[in-house]
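Single-structure report; data block below.
The values are calculated or read from the model by the stated rules, or taken from the named source; none is laboratory data. These figures come from a predicted structure and were not determined experimentally. Here Cβ is always computed from backbone atoms with ideal geometry, including for glycine, and neighbour counts include all displayed protein chains. Ligands, DNA and RNA are stripped out before the accessible areas are found, and what is left, the full protein with its side chains, is counted by its heavy atoms. Shrake-Rupley method; radii C 1.70, N 1.55, O 1.52, S 1.80 Å.
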Amino acid sequence: MNDSSQNTFDCIIIGAGSIGTPAAFYIAKSGLKVLVIDRYPSVGQASNKHAIGGIRATHSDPAKIHLGNRSLKVFSTWETEFGDDIEWQEGGYSYVAYDQENAALLKALILEQQQHNLEISWLDAPDLLKIIPKLNPQDLLGGTFSPEDGSASPLKSAFAFHKRAAEADAVFNFNETVVDFISEGSRIKGVVTDKGKYYSQWVINAAGGWAKPLSKKIGLDVPVEPDSHEAAITEPVARIFYPMIVDMRKRPGSANFYFYQHPTGKIIFCMTPDPPILGTHTIASSDFLSKASRRLIEIMPVLRHIRVRRVWRGTYPMTPDGSPIIGKVNGLDGFILAVGMCGQGFMFGPGVGQLVSHLVLNELDEADKIILDNLSFHRKFESEEMLK
Ligand SMILES: Cc1cc2nc3c(=O)[nH]c(=O)nc-3n(C[C@H](O)[C@H](O)[C@H](O)COP(=O)(O)OP(=O)(O)OC[C@H]3O[C@@H](n4cnc5c(N)ncnc54)[C@H](O)[C@@H]3O)c2cc1C
């Protein structure tokens, strides 16, 4: 392949996943020439399609609240605006509390969240049971309820962003792997793939679980570790509940457990392994289902006879503090990180896409600046996100 103008772009995005695909849409829409490169044959084939689809603005960090709010706006209006069905469901989120420790933590967080005008409140057990009648009432103290949060299909969303990005003339090169960068002094000028070389003013690393080895090529140590998580989907049943239910109690072998009922009636559930299982393995483990189904039945006993159709395993691109890394890197020109999305990359996709488009266009607003400050690569990674 020649190094001609055909291979020259305003912006190259590495990765057509939860982050790279909406970023391509927003940047191409602004009129810039965008190339997206992904090693897989189509969009969303890595972590994106392993996500269970939860979307919320109710975080504890202001940067994540801004990203969540922006994304929620996009997901909830996408079908009306563009006509693509992405299975948006405004079912809300509920963090349930069965012990005083979690009740106190959630109540304290609500005060912060309400300061950011988030629609969230604490409901004591009787009121929560009106919204989720089949919750196990034994020892239930109550829980949060944020009715504006919801869910959508990660794969359908990635296809929708891809379709609209391609309409805005973004070029997608699939089945192609970025193996190195082209640099001159402190400026990153492009990428080398297994098929050729491409030049651009901006290179965005949106490589998810592969962000670290890729960034090493330019001497950057980006603290993102692939951390494997599993999920399962059941047969469809009549509607039982709407919200995404999150149980933060620790159980042997697991930390958080969360589940919701898809518009088709299937129950989708997911568990955070404790201790974490690092790596990009995608073969489901033998003990996930027994542990996770025990947790499901513990919270919602009515589901005890439901049949599980499929189990899968994917990657959270984890950072030490549970928050993403977004923005430029001191001493490197033309390079942007949009990585380390942890368990929230799907829900942050459109918000991060808008943010990096503002960065590339040099059109940052006040909220963008807060996000970039809090999620900087140069932060200390000392605090810990409570609702990661
Ligand atoms: C079981 C499970 C449940 C989850 N549930 C949720 C949820 O409910 N809500 C939520 O928001 N998030 C959820 N997540 C997390 C979410 O899936 C991730 O945070 C998100 O997909 C990360 O997005 P990303 O774009 O950074 O990575 P990806 O979507 O993995 O995209 C990265 C892309 O980069 C490409 N790539 C990497 N290196 C190269 C290279 N060298 N050359 C070319 N291409 C390259 C990969 O092929 C990939 O397509 C869940 C994850 C799992 C595993």
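Just tell me, in residue order, which DSSP H segments of the chain are both 18 angstrom or longer along the helix axis (alpha-carbon based) and at least 0.0 in mean Kyte-Doolittle hydropathy.
Numbers: long enough: 62-82 (29 Å, -0.39); 100-115 (23 Å, -0.21); 154-167 (20 Å, -0.34); 345-361 (23 Å, 1.22).
Correct list, ordered by number: 345-361.
Between region 25-40 and region 62-83, how far is it from one alpha carbon centroid to the other, in angstrom?
What the calculation gives is 19 Å, centre to centre.
Kindly work out what percent of the DSSP beta bridges joining two residues of the chain are antiparallel, to the nearest 5.
On the way: 51 of 72 bridges.
Counting DSSP beta bridges with both partners in the chain, the antiparallel share is about 70 percent.
Could you do me a favour and compute the accessible area per residue for the chain, 1.4 Å probe, result in Å²?
Averaged over the residues of the chain, the accessible area is 42 Å².
How many angstrom lie between the C-alpha centres of region 313-388 and region 194-269?
First find each Cα centre; the distance between them is then 15 Å.
Work out which GluC sites (Glu not before Pro) in the chain are exposed loop sites (DSSP not H, G, I, E or B, at most 13 other Cβ within 10 Å) and give the longest gap free of them.
Working: sites that count: 363, 382, 384.
Value returned for the longest uninterrupted segment is 1-362.
How many times 2.2 N^0.38 Å is the alpha carbon radius of gyration of region 26-124? If you can, show how the numbers build up before the last one.
Numbers: Rg = 17.5 Å, N = 99, 2.2 N^0.38 = 12.6 Å.
That ratio works out to 1.39.
List the equivalent ellipsoid semi-axes of region 20-84 in whole Å, largest first, each obtained as the square root of 5λ for an eigenvalue λ of the Cα gyration tensor. Provide the component values of the computation, followed by the final result.
On the way: eigenvalues 99, 56, 38 Å².
Ellipsoid semi-axes (Å, largest first): 22, 17, 14.
Could you give log10 I(q)/I(0) at q = 0.06, 0.09, 0.10 Å⁻¹ for the chain, computed by the Debye formula over C-alpha point scatterers of equal weight, without solvent?
With no solvent term, the Cα-only Debye profile gives -0.22, -0.50, -0.62.
May I ask you to give the percent of accessible area on region 107-181 that is carbon plus sulfur, with a probe radius of 1.4 Å? Don't jump to the answer; show the numbers that get you there.
Working: 1820 of 3660 Å².
Carbon and sulfur atoms account for 50 percent of the accessible area of region 107-181.
Report, to the nearest whole %, how much of the accessible area of region 300-388 belongs to carbon and sulfur atoms, 1.4 Å probe, protein only.
Details: 1700 of 3720 Å².
Answer for region 300-388 is 46 percent, counting heavy atoms of protein chains only.
Heavy atoms of the protein only, probe of 1.4 Å, neighbouring chains included. What is the accessible area of residue 304 in Å², nearest 10?
Its heavy atoms expose roughly 140 Å² to the probe.
From a point 7 Å beyond the Cα of residue 90 in the direction of its Cβ, which residues of region 53-68 have a backbone N at a distance under 16 Å?
Zone members listed by number: 55-58.
Over region 50-101, what percent of the accessible surface lies on carbon and sulfur atoms, probe 1.4 Å? Walk me through the numbers on the way to the answer.
Working: 830 of 1880 Å².
Summing carbon and sulfur atoms, their accessible area is 44 percent of the total for region 50-101.
Looking at the square roots a ≥ b ≥ c of the eigenvalues of the Cα gyration tensor of region 257-388, which shape do they give, rounded for a/c under 1.5, prolate if a/b is larger than b/c, or oblate?
Numbers: a/c = 2.71, a/b = 2.18, b/c = 1.24.
Verdict is prolate for region 257-388.
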